[in-house]
1. Of the conditions (1) in contact with a His (Cβ under 6 Å, 6 or more places away or on another chain); (2) within 16 Å of the ligand (Cβ to nearest atom), Ala177 satisfies every one except a single condition; which number is it?
2. Taking the stretch 107-135 only, how many residues are at pLDDT below 95 and among the hydroxyl-bearing types (Ser, Thr, Tyr)?
3. Could you identify the single residue in Ala66, Ala116 that is among the aliphatic types (A, V, I, L, M), outside any loop (DSSP other than H, G, I, E, B) and open to solvent by less than 40 Å² (accessible area, probe 1.4 Å)?
4. Taking only the stretch 136-162 into account, find how many residues are without any contact (Cβ under 8 Å) to a residue 40 or more places away in the chain and either over 17 Å from Val92 (Cα atoms) or of a type in the set (S, T, N, Q) (or both).
5. Out of the stretch 21-51, which residues are more than 23 Å from Ile114 (Cβ to Cβ), of a type in the set (Phe, Trp, Tyr) and either modelled with pLDDT under 95 or buried (at least 24 other Cβ atoms within 10 Å of the Cβ) (or both)?
6. How many residues, within the stretch 1-38, are without any contact (Cβ under 8 Å) to a residue 40 or more places away in the chain and within 16 Å of the ligand (Cβ to nearest atom)?
7. On the given criteria, is Ala54 in contact with a Leu (Cβ under 8 Å, 6 or more places away or on another chain), more than 16 Å from the ligand (Cβ to nearest atom), open to solvent by less than 30 Å² (accessible area, probe 1.4 Å) and more than 24 Å from Ile171 (Cβ to Cβ)?
8. Among the residues of the stretch 183-204, is any within 26 Å of Ser106 (Cβ to Cβ), touching a helix residue (DSSP H, G or I) at 6+ places or on another chain (Cβ under 9 Å) and within 16 Å of the ligand (Cβ to nearest atom)?
Amino acid sequence: MTVLLAANWKMNLTAAEAQHLADAYRQLADEYQAHNVSFIVCPPALYGAALQQASEGSALNWGGQASHPAEFGAHTGDISAKMLQSGGASFVIAGHSERRQNHGESDEQVAAQIQAAHNAGLTVILCVGEGLADRKAGQAENIVTTQLSAALHNITKWESVIIAYEPIWAIGTGEVASPEDIQAMHAKMAEHLTSQCGAAFVPPLLYGGSVNAGNAAEILALPDVNGALIGGASLKIDEMRAIAAHAKAIQSR
Ligand code: PGA
């Protein structure tokens, strides 16, 4: 089974830095292809062309960080799934908690984005996750399964869905959910998705939230974890190289 390592560069890097890092990812992706470790880089939209160039003839994949539900139109500052696809992207993140918080994206909007992304032929990385207050109140599983149901209620292309469980309190904070909590949530999501998508195919389940070279081995080895969505550490190629080495070691067990 392939381990998916998705890099979310967020709003970081200059154009020159992005180009340099894209080339380094290309090497890494090609080196690890034979070890069933695959890479998806989600750069700021402006740097899509650099990723497209780096991924040509390579195992490297790239995607957008968000997309508007419409194909084209008067939506200043937005980018559509159709535009990403036409620029060579194969993936797009939907429902990242920073978009839900900073841009007020609702579950309904996330569902519409996923439909548009599927219509454009992209695979979606759907982010779900609870806040700290929800976790303390024992509501984490409820929140996550509600988000899954709402975002995926009329999906037919299940093979073009990847889920990333990202507890909001663990994103960019250095706080990582415990392996027990991650495994419990992933098992719950697998059970929920099995019934929601009619059993045959359960989307890959990534964990995200302060994943780095120091904690990746333990997280990636969990039975219901198929990879990671990595923010801060994805900006450093040495960190990614170390995470990839852990992913490879798990494969050969
Ligand atoms: P982080 O971000 O690895 O910096 O916590 C993960 C994400 O938000 O996707």
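The values are calculated or read from the model by the stated rules, or taken from the named source; none is laboratory data. All of these numbers come straight from a predicted model, not from anything done at the bench. Here Cβ is always computed from backbone atoms with ideal geometry, including for glycine, and neighbour counts include all displayed protein chains. Keep in mind that these areas ignore ligands, DNA and RNA; they rest on the heavy atoms of the full protein, side chains included. Shrake-Rupley method; radii C 1.70, N 1.55, O 1.52, S 1.80 Å.
1. (1)
2. Residues meeting the conditions: 0.
3. Values: Ala66 fails: outside any loop (DSSP other than H, G, I, E, B).
Of Ala66, Ala116, the one residue that is among the aliphatic types (A, V, I, L, M), outside any loop (DSSP other than H, G, I, E, B) and open to solvent by less than 40 Å² (accessible area, probe 1.4 Å) is Ala116.
4. Of all residues in the stretch 136-162, those without any contact (Cβ under 8 Å) to a residue 40 or more places away in the chain come to 136-139, 142-143, 146, 156-157.
If we keep only those that are either over 17 Å from Val92 (Cα atoms) or of a type in the set (S, T, N, Q) (or both) too, we end up with 136-139, 142-143, 146, 156.
Within the stretch 136-162, residues that are without any contact (Cβ under 8 Å) to a residue 40 or more places away in the chain and either over 17 Å from Val92 (Cα atoms) or of a type in the set (S, T, N, Q) (or both) number 8.
5. Step one: list which residues in the stretch 21-51 are more than 23 Å from Ile114 (Cβ to Cβ), which gives 21-37, 46-47, 49-50.
Now drop any that are not of a type in the set (Phe, Trp, Tyr), which leaves 25, 32, 47.
Passing the criteria: only Tyr25.
6. Counting residues in the stretch 1-38 that are without any contact (Cβ under 8 Å) to a residue 40 or more places away in the chain and within 16 Å of the ligand (Cβ to nearest atom) gives 1.
7. Numbers: in contact with a Leu (Cβ under 8 Å, 6 or more places away or on another chain): yes; more than 16 Å from the ligand (Cβ to nearest atom): yes; open to solvent by less than 30 Å² (accessible area, probe 1.4 Å): yes; more than 24 Å from Ile171 (Cβ to Cβ): yes.
So Ala54 fits the description; yes.
8. Yes.
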